[in-house]
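> Quick one: the structure is below, and I'll ask about it shortly.
Nothing in this text is a laboratory measurement; each read-out follows from the coordinates by a stated rule. From a predicted model like this one, the values you see are computed outputs, not experimental measurements. Note that we place each Cβ from the backbone using ideal geometry, even for glycine, and neighbour counts take in every protein chain shown.
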Amino acid sequence: MEFSLNYILIPLIAFYAIIPLILDGLERKLKAALQSRIGPPITQTVYDVLKLLLVKETKNQPTLPYVTLTLLSSMVMGLLALYYVTLYIVQGDIINMFYALALLAVFTSTHTVTPLLVPNPYSYIGGMREVMLAVVNEAAFITSISLYTIILQKTLVERVTWVSILIMLLVAIVAFISSYATSSRVPFDIAEAEPELASGVFIEFSGRILALNIYNLLLRRLAAKFLVLAPTVILISGHGLISLILGLLLTPLIWALYATIAVVLGRSRVDIAPLTLAKIYITLLLISITGLLVITHA
Amino acid sequence: MPNPEAIAKYVELAEKSSGVIYIEGDTIHIIVPASKLVDVADIVFNKYNCSFRVCAGIDERPLNGHFSLVHLFTDDKAGYYVAIKTYLSGDNPVAPSIVSAVPAADWCEMEARDLVGIEFTGRETFRLVLPPWWPSNLHPLRKDVPYNYRPEPRIESEKISYSSEYGVIPLGPYHPTLHEPEYFELYVEGERIVDVKYRGFHVHRGIEKLAESRMNYQQINFLAERICGICGFVHSTCYALAVEKAAKLDVPERAQFIRSIVLEIERIHSHLLWLGVAFHLLGYDAGFMHVWRARERVMWLAELLTGSRKTYGINLIGGVRRDISEDKKQKALEVLRELNRDFKSLIEVALDVPQVKRRLTGTGVLPREYAIKLSVEGPTARASGVNKDARRDLPYAAYKYASFKVPVYSEGDNLARALVRIDETFESISIIEQLLDKLPGGPILLSDFEIPEGKVGVQVVEAPRGGDIHYIVTGKGAPYRWRVRAPTYANIPALRIMLRDQPLADAPITIASIDPCFSCTDRVIVIRDGRVERVNLLR
């Protein structure tokens, strides 16, 4: 009997809505442990966001309604992306994965432009840095996930070869790197860059807008991870509810892995990070695409 | 040890410039007419390669009817202080500026203009220390101005200088990078810094006037320690040594050892604090946290030996007021061994982080010629190949009993400045171990002494940030003139060179690389109706 997601749609969306806050709390606790600190409780991010939601903005920017609208629509798209990727994992229709990718791309773009709506030099610089990073990273993210999904679907119906496994491994590496870069963690937190930009993209946000902004960032981190995990769990256990559960269980582990990477690295620079990423992506993707063309026409 | 060869050249210089020379201990005093001042300063700085430290304007009208101006140099190779003094008119004090020959004298001349009212010829003048609203004819360090006189403050706004050619990024006065208030105006083209303007000194605390007017010699030790929250002991030691030098006091050796030990504890604390901040600025917070965890041991050590984690308060004229017992000595040695091991392992990891290495290497370069021209101090100088350290060149306290290396790098970048501090941390641990081992017996404080009037004492103490200098003219029960110059004062002008053509992202670490220690109050920036304004906080 095929399982219908309709039965758990609302609890699932609610789960996706809450889990980024808990995972961020976990990240903060983990980072604290790695840095010889006690750190805040795991629920601290929930408290932070709830408190901010109850606080009025300190400054009434003329562009505030547009910022709010952009952030709210981003949030909806982020949750929808997670919903479609769930459909893909459970039901196996590849089109759902592409819906999810498209929604995540729009989510990232809208979230990226919000700092550019605020008249502040630090906000502009932070916003432009985010755009520069996104120009390189989002293309690689979408390409790598698409390739990962396509090759996966091929391996599910055709004979698995060492070449196809190697290509899948290469695109999976690109997908994981780009999902890490999308998460705006060190060394890719150049848009926030607290020391030089005084929190950059966040500088003019306060109260509910800041809460929404922080929430969207965490939601983006979850969505980016889940999109990379989707083909991986399908590779392990095929389409179905088991894969979804596996994906949900692996998410905190990947989150913790990303948090650990962030602890051991320092911040990059706007003239270094996009260039380094571009070099890695172009090399790995060119090899992958060439390989894919070879095995398709062989 | 007297150096007849070095002395001979200063005697010759004094004779050639129609001046008077006298030598007291390690200080060569040359009194020259104002007309010869620039030539003499030029020879001392550019020919004899002395370091310029500071200048001090003095109101000597109650003593002899004149103002005077003293330029303080140090001949680091020969181990002498060189004080070039000139007397100026009591009615209209005008001195020739030496900036053309000694660029490092820029700020101290303007400070003498603000606070003592000495005018300078041959240079552009501007207000440096006093706020813009301060009456132009009121010079607080003149003896006829009461210490508690305060003109009625006014609130004044000052617009940031807009540039049509470049973007203006305000950095400060309240900014996450800057742990004290200061203000940098960065002119940027894209994300590259084209030029920098610095504004500081907006609220002068007036401690020199306070000390000269309201305190006695021993009280000033505690005031001096409060000049800085990080290297306060350097200031109190420097002050005490300057007074002791002026009064020719023979301070017990054990006290000198304790001073050196505590000075090195303060240096380790300061360097670890700086490293933590630097790692934070580079986004490497794990390094920040672990270095500060190691720093905690140093604060514990300071508490063990002085009773305080910071602001130790043990210095007095004539010695110290807290001894080190055998039990404390053993505990201290144990803590130092642990610290050495811990610091070594964590710094190896931190310097291997790719982003840390890449962002420190080749950024914020200060070429050697600028370091010399601006007479920068401490790790900033040593990272640019200037081999000077007052602990070795102008020995004081108990440093002559310790063997240590002075780390010098030639690259002049942020990495070199970090490496100097890292090497110095290990050297400081070694110095403390050596001094604890050799700690002599005997008293720790002179019980009976007098400080004669009209004597001069000048002392440089190598603070974690560079040479700290205190200049004293003794008076009755309190200094007649007390001039303090912290090392950051000499290092800030170099930031303009270091920041030019750097990425904006590296501005915070470059500013931090001089380990700046600014005044504790400044102006604020407000953005009103989309326009940036600076406003004085006058309360």
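> Relative contact order of the range A:118-203: what whole-number percent is it, with Cα pairs under 8 angstrom and at least 6 residues apart?
50 percent
> Give a quick list of trypsin sites (Lys or Arg not before Pro) in the range A:128-226 that DSSP marks as loop, anything other than H, G, I, E or B, with at most 16 other Cβ atoms within 10 Å.
Qualifying residues, ordered by number: A:R159.
> For a quick check, take a GNM of chain A with Cα springs below 10 Å and name the residue from A:L219, A:L116, A:L79 with the largest mean-square fluctuation.
Evaluated over chain A, the most mobile residue of the options is A:L116.
> Using a Gaussian network model on chain A with a 10 Å cutoff between Cα atoms, which of A:L212, A:L50, A:L80 fluctuates the most?
A:L50
> Here's a follow-up. For an R0 of 35 angstrom, estimate the FRET efficiency from the Cβ-Cβ distance between A:V294 and A:A139 and round to the nearest 0.05.
Working from the Cβ atoms, E equals 0.95.
> While we're here: Spin-label point model (7 Å from Cα, Cβ direction): what's the B:K400 to B:K329 distance in nm?
2.2 nm
> Between B:F126 and B:R337, what length in nm is gained on full extension when 0.36 nm per residue of separation is reduced by their alpha carbon distance?
Details: separation 211, 0.36 × 211 = 75.96 nm, distance 5.11 nm.
Extra length from B:F126 to B:R337 when fully extended: 70.8 nm.
> Can you compute 3J(HN,Hα) from phi for each residue in the range B:223-231, using the Karplus curve 6.51 cos²θ - 1.76 cosθ + 1.60 with θ = phi - 60°, rounded to whole Hz and x for Gly and Pro?
Karplus values, whole Hz, x for Gly and Pro: 5, 4, 5, 8, 5, 9, x, 10, 10.
> Further, regarding this structure: Which lysines, if any, have their Cα less than 24 Å from the Cα of B:K36, not counting same-chain residues under 8 positions apart?
B:K9, B:K16, B:K47, B:K85, B:K373
> Taking H placed 1.01 Å from N in the peptide plane, check which residues at least 5 places from A:E192 or on another chain put their amide H under 5 Å from its amide H.
Hits under the 5 Å cutoff: A:V201.
> Between A:I242 and A:T161, 0.36 nm times their residue separation minus their Cα-Cα distance comes to what?
26.6 nm
> Could you check the spin-label model distance between B:K16 and B:K197? Points 7 Å from the Cα along Cα→Cβ, value in nm.
According to this spin-label approximation, the distance is 4.2 nm.
> Using 1/(1 + (r/R0)^6) with R0 = 22 angstrom and r between the beta carbons of A:A256 and A:K51, what's the FRET efficiency to the nearest 0.05?
0.30
> Same structure again: What ³J(HN,Hα) values, in whole Hz, does the Karplus curve 6.51 cos²θ - 1.76 cosθ + 1.60 give for the range A:127-143 when θ = phi - 60°, with x put for Gly and Pro?
Coupling constants for the range A:127-143: x, 5, 5, 4, 5, 4, 5, 5, 4, 7, 6, 5, 4, 5, 4, 5, 4 Hz.
> Could you please rank A:I94, B:I7, B:I84, placing first whichever residue has the fewest other Cβ atoms within 10 Å of its Cβ? Present the calculation step by step, with values, prior to reporting the outcome.
Working: A:I94 13, B:I7 16, B:I84 28.
Arranged by neighbour count, lowest to highest, A:I94, B:I7, B:I84 become A:I94, B:I7, B:I84.
> Can you give the relative contact order of the range B:214-485 as a percent, counting alpha carbon pairs under 8 Å and 6+ residues apart? Before the final figure, lay out the partial values.
Values: 479 pairs, mean separation 78.2, N = 272.
Result for the range B:214-485 is 29 percent.
> Here is a follow-up. Can you work out ³J(HN,Hα) from phi for every residue in the range A:278-288, in order, using Karplus 6.51 cos²θ - 1.76 cosθ + 1.60 and θ = phi - 60°, giving whole Hz and x for Gly and Pro?
4, 4, 5, 4, 4, 4, 5, 6, 4, 4, 5
> Would you pull out the residues with amide H under 5 Å of B:Y480's amide H, same chain only if 5 or more places away, H placed 1.01 Å from N?
B:V473, B:T474, B:G475
> Here's something else I'd like to know. Hey, what number do you get for chain B at 222 nm if only DSSP H runs of n ≥ 4 count, each worth -39500 (n - 2.57), divided across all residues, to the nearest 500? Each step should come with its number before you reach the end.
Working: 18 runs with 205 residues, N = 539.
Using -39500 (n - 2.57) per qualifying helix, the result is -11500 deg cm²/dmol.
> Report the residue, chosen from A:V106, A:V49, A:V163, that carries the largest GNM mean-square fluctuation when chain A is represented by alpha-carbon nodes joined by springs under 10 Å.
A:V163
> For the range B:267-333, with the dipole built from +1 on Lys and Arg beta-carbon atoms and -1 on Asp and Glu ones, taken about the Cα centre, which of B:H271, B:L282, B:I324 lies farthest toward the positive end?
Of the options given, the answer is B:I324.
> Treat every Asp and Glu Cβ in the range B:327-431 as -1 and every Lys and Arg Cβ as +1, leave all other atoms uncharged, and give the resulting dipole magnitude about the Cα centre to the nearest 20 debye.
In debye, rounded to 20, the range B:327-431 gives about 140.
> Would you work out which of A:V113, A:M77, A:T43 lies farthest towards the positive end of the dipole of the range A:1-157, given +1 charges on the beta-carbon of Lys and Arg and -1 on that of Asp and Glu, about the Cα centre?
A:T43
> Kindly provide the trypsin sites (Lys or Arg not before Pro) of the range B:205-288 that DSSP labels as loop, not H, G, I, E or B, and whose Cβ sees at most 13 other Cβ atoms within 10 Å.
When the trypsin sites (Lys or Arg not before Pro) of the range B:205-288 are filtered for loop state and at most 13 Cβ neighbours within 10 Å, B:R205, B:K248 remain.
> If contacts are Cα pairs under 8 angstrom and at least 6 residues apart, what is the relative contact order of chain B in percent?
Over chain B, the number comes to 17 percent.
> Further question on the same structure: Tell me which chymotrypsin sites (Phe, Trp or Tyr not before Pro) from the range A:1-82 have a DSSP coil assignment and no more than 16 other beta carbons within 10 Å of their own.
Listed in order of number, the matching sites are A:F3.
> Let me ask you something else. Going by how many other Cβ atoms sit within 10 Å of their own, how do B:W482, B:W134, B:W107, A:W162 line up, fewest first?
By the 10 Å Cβ count, ascending: A:W162, B:W134, B:W107, B:W482.
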